[in-house]
Structures are given as structure tokens and as C-alpha cells.
Amino acid sequence: MSGPGEVAVRVRGLTKRFGAATVLDGVDLDVRRGEFVALLGPSGTGKTTLLRLLAGLERPDAGTVLTAPRVTTVYQEPRLVVAKRVLANVTLGLPRSARDKGRRALAEVGLAGRERDWPATLSGGEAQRVALARALVRDPRVLLLDEPFAALDALTRLQAQDLVAELCARHRPAVVLVTHDVDEAVRLADRVAVLRDGAFAVDRAIDLPRPRDALSGTADPAVLEHRRELLTHLGVALSSP
């Protein structure tokens, strides 16, 4: 499950219950190496639960979850250790020999020269870049993104999206992004899946050319059609143009 283009995530018949509530009900999902999949859905539909199952933080009640080795997660909060400097946060839990690799990862996210800074001196966008470098330095085959841009302002968010798209294209992990933002999903993903009532209401390929850094606010008919269909599956009624 690790060669280029090979399946890096395979989920079959996945069921997860919390008490009497069935959050995921027989979900199937494949994600190939180099593929970017975004998960949409109303709150409480199991998006983050599915991500936690892929990360090995939850156990399924039924079904199977198989992932390639080296799964890393970037969360909405950077989760940096305030008592450690930036480079030490990036290489947390790794041997001292990983420091040069950590420096290269920081340079990739635009933070070269910031290795000895303290987390308290970073902006929200910079802190999230450190979290991304911490994930990348581990050479993930599977990268899980749990609303990593949600706390950022609009401009920083767009910049962070572009950076993630660039890094994922370069390193080619299998990526699963949880988001509530339809435009973000269309801007970043190769496929967008909508979770409703414990299953996928739609799993749609986003057949738009890259780079997509100019998609925001576009009136391109193909973009509008993807957006309209996804919003419809999310239960958002749109008036006819």
C-alpha cells in the first residue's frame, strides 16, 4: 500500500457507534497515494470520527481500516509545546539526528531562520506552518488534516491552503481533509465526499485544472456546478440564477 498511485487508505464496512447512536454506518473509502480527498458534512455526521479512526485513535465497532505506514495529523490548533523552541517542536519525539531534516521542513513552509523562536512569538498562521512542518518531517504516507485553516483570518487561510496544496503535490502523501468550507474543498481536493446519516451521500471528483489559487470568488460555470451540487447534498437550498 505504499507505491506511487497505490491505495494508501482502504476502509471497508466501517461502523462506529457511540452509545445508541450510529455515527458511521458501513462506510467504504479508498484514497490513493498523491490523492487529496476532502470530507464535508454537517456537524456531528462523523467526519472527525472517521479521521480519528484513520489515525488509530478510535477503534471501529465493525469493518476494517487499513492505512500505509506513517500517518500524521495536523489539527485546527497547532498544539505546539510552549516551553520548546520552534525546531524542537518540529522534531518532537525524533532523534537529534533529525534536526537538519527539521530545518529543511521549516524552510519548506517558509520559516527558515526561525528555528530558535518561541511559539509565543509566532502568529496563528506561522504556528500552523510549524505544525505542518512537524507532520512533513515524518515523511507521512497518509496526511490527515482536521480543519487546519479554520482559526485563520481570510487572507492567511488562502495562503495556507496554497502552501498545503504545493507541499502535498511535492511530497504526494494520501491526504484526507475535514472541513466545513465547500469552497476550500473545491479549491484543494481531487475528490470531495459528503457524509450524511452515517454514509457518503456523494463522492465527487473535482475535475478542475491546477493550480487553483485563483478559484475564490470565480464565476467559472464548472466551479459553480461543483459548489451547487455539494451544497445541495449538504442540505443547503440554492435559488436558481
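Please treat every number below as a calculation from the coordinates, not as lab data. Not measured: the values here are computed from a predicted model. Positions of Cβ are generated from backbone atoms using ideal geometry, with glycine treated the same way; all protein chains shown enter the neighbour counts.
Once both labels are positioned 7 Å from their Cα atoms along Cα-to-Cβ, the gap between Arg17 and Glu77 label points is 3.2 nm.
For a quick check: sort Lys84, Lys101, Lys16 by the number of other beta carbons within 10 angstrom, fewest at the front. Mind showing how you got there, number by number?
Details: Lys84 14, Lys101 17, Lys16 22.
Lowest count first: Lys84, Lys101, Lys16.
About its Cα centre, the dipole of segment 29-97 is roughly 400 debye, where the only charges are +1 on Lys and Arg Cβ and -1 on Asp and Glu Cβ. Pairs of Cα atoms in the chain fall into 10 Å distance bins, from 0 up to the last occupied one, in shares of 7, 31, 35, 21, 6, 0 percent.
Quick check for me: using +1 on Lys/Arg Cβ and -1 on Asp/Glu Cβ, what's the dipole size of segment 67-197 about its Cα centre, in debye to the nearest 20?
Values: 21 positive and 17 negative charges, 172 e Å.
Result for segment 67-197 is approximately 820 debye, rounded to the nearest 20.
Could I have the simple spin-label model distance between Arg170 and Arg104, label points 7 Å from Cα toward Cβ, reported in nm to one decimal? Once both label points are built, they end up 1.1 nm from each other. The distance between label points at Leu92 and Asp197 comes to 4.1 nm (points 7 Å beyond Cα on the Cα→Cβ vector). Cβ-to-Cβ counts within 10 Å put Ser43, Ser123 in ascending order as Ser43, Ser123, the fewest first. Note on the chain: with charges restricted to the Cβ of Lys and Arg (+1) and Asp and Glu (-1), its dipole about the Cα centre is near 1100 debye. Look at the dipole of segment 76-138 built from charges on Cβ: of Gln128, Pro95, Gly113, the Cα furthest out on the positive end belongs to Pro95. How much net charge surrounds His180 when only other residues with a Cβ under 11 Å from its Cβ are counted (Lys, Arg +1; Asp, Glu -1)? Counting the neighbours of His180, the net charge comes to -3. For Leu145, the amide hydrogen comes within under 5 Å of the amide hydrogens of Val74, Val176, Leu177, Val178, counting only partners 5 or more places away or on other chains and with H modelled in the peptide plane. Under Stokes-Einstein, with the Kirkwood radius over Cα pairs standing in for Rh, what whole-number D in µm²/s applies to segment 35-142 at 25 °C and 0.890 mPa s? After rounding, the answer is 161 µm²/s.
Here segment 4-44 is treated as an ellipsoid with the same Cα gyration tensor; its semi-axes, largest first and in whole Å, are 25, 13, 6.
Within straight-line reach of Lys84, meaning a Cα separation under 20 Å, sit the following aspartates and glutamates at least 8 residues removed in sequence or on another chain: Asp100, Glu115, Asp117, Glu126. In the chain, helical runs assigned H by DSSP with n ≥ 4 each contribute -39500 (n - 2.57); averaged across all residues and rounded to the nearest 500, the mean residue ellipticity at 222 nm is -9000 deg cm²/dmol.
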